[in-house]
Structures are given as structure tokens and as C-alpha cells.
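Please read the structure below before turning to the comments.
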């Protein structure tokens, strides 16, 4: 369970970093003097960059967990020593990848639901919405230009977009590990072929 919570905390901190960086760049770049199309394009690029970061982080973590799992299983087969529960907790797990990412998203999701519900009820959500917008920096620029009439309700589904990227990246970890091992094996075969050719050429 320790590794599950470490993964969850990593996703949460990664999401927070992406949001704050995107919010800072939005405030620094999207002033009123820029053309609307350029502002929308830059907002879209920020969104794509943030989602790519989530996928990349997830892939790295999923690949690492799969590599650890295979290494431990090889040791178990060679030595006959069963891994501990804590060690098994570091194995690749679909549940870890999905559940951990969406637990990390829960605070933002619940806040977005609260703001949406209060807004529909006609309550003043200025202070709460300000906190929500702080966490929605990745989507804020694009959402304000493309769907201004749906704010703050559009933030409810958007809070799940970045954690979904983390989860999808994590689930692709085993595939990326297999590709990495294939490339390593291909590299070894090429080196062996070169070594065989060199003596023949010298002879």
C-alpha cells in the first residue's frame, strides 16, 4: 500500500505542477493585446503539453513497476524466495494505475461539483470558484474562450482529463517496457554481428 500512496501523491503533485505552470503562462501571455486566434492556439498547446506530460509520467512509472515486477519474479524463480507484500505492492497493477490517479483527482473533482451545484442554485461561488480556477490552470485559457457560457460547470468533467492521461500512460507501461527490451535485444544482436564481421574482414 505504501507504493500505491506514493504513486497517488506523485500524480497529485504532477497535476498541481502542470496546473500552476499553465496558469502562470496564461497570465503572462494571454493579455488583451494578443489576437484571439493566437490566444486560443497557445491555450490549446498548453493543454496538449500538459496531457503529454501526464502520459509520459504515467508511462515512466508503469514501465518502472513492470521492470521491477519481472526482476523480482526472476529472482523468485532462481532462488525460491517469495517477495514480501511490500515488494509485491511495487509490482505493476492496473488497479494502482487507475485508482491512484483518480484518488489524486478527487479533491479537484469534488470542489468542481460543489461549485457547479451552488452555481445552479444561485449561490455566490466567487471565493470557491477562485480556488477551483487555481487548480484548473491547464484548461482555463481554452475554456474561457471556447466555452465561457458553461463555466464553472465544464470544470467537472475537465478535472478528470489530466488524471486519465496519467492512468492511460501507466497502463501502457508494460507495452513500453516490452518495446524497450526488444530494442535492447536488437542492439545486442547488431553488436554481435559487427563483432563477427570484423575478424572476417581482417582475415
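Brief remarks on what is shown
- Check on residue 116, at pLDDT below 90 and more than 15 Å from the chain's Cα centre (by Cα): yes
- Taken over the stretch 159-195, the criterion of being closer than 20 Å to residue 105 by Cα and assigned to a helix (DSSP H, G or I) is satisfied by 161, 162, 163, 164, 165, 166, 167, 168, 169, 170, 171.
- Cβ-Cβ distances below 9 Å connect no pair with a first residue in the stretch 76-98 that is free of Cβ contacts under 8 Å to residues at least 60 places away in the same chain and at positive phi, a second residue that is in a loop (DSSP other than H, G, I, E, B) and surrounded by fewer than 15 Cβ atoms within 10 Å (Cβ to Cβ), and a separation of six or more residues or different chains.
- Qualifying residue in the stretch 96-115 (condition: farther than 16 Å from residue 1 by Cβ and not in a helix (DSSP H, G or I)): no
- Members of the stretch 129-143 that are assigned to a helix (DSSP H, G or I) and surrounded by 17 or more Cβ atoms within 10 Å (Cβ to Cβ): 129, 132, 133, 135, 137, 138, 139, 140, 141, 142, 143
- Considering residues of the stretch 21-56 that are closer than 30 Å to residue 181 by Cα and buried (at least 20 other Cβ atoms within 10 Å of the Cβ) only, the residue modelled with the lowest pLDDT: 50
The values are calculated or read from the model by the stated rules, or taken from the named source; none is laboratory data. None of the values given here were measured: they were computed from a predicted structure. All Cβ positions, glycine included, derive from the backbone under ideal geometry; neighbour counts span all protein chains shown.
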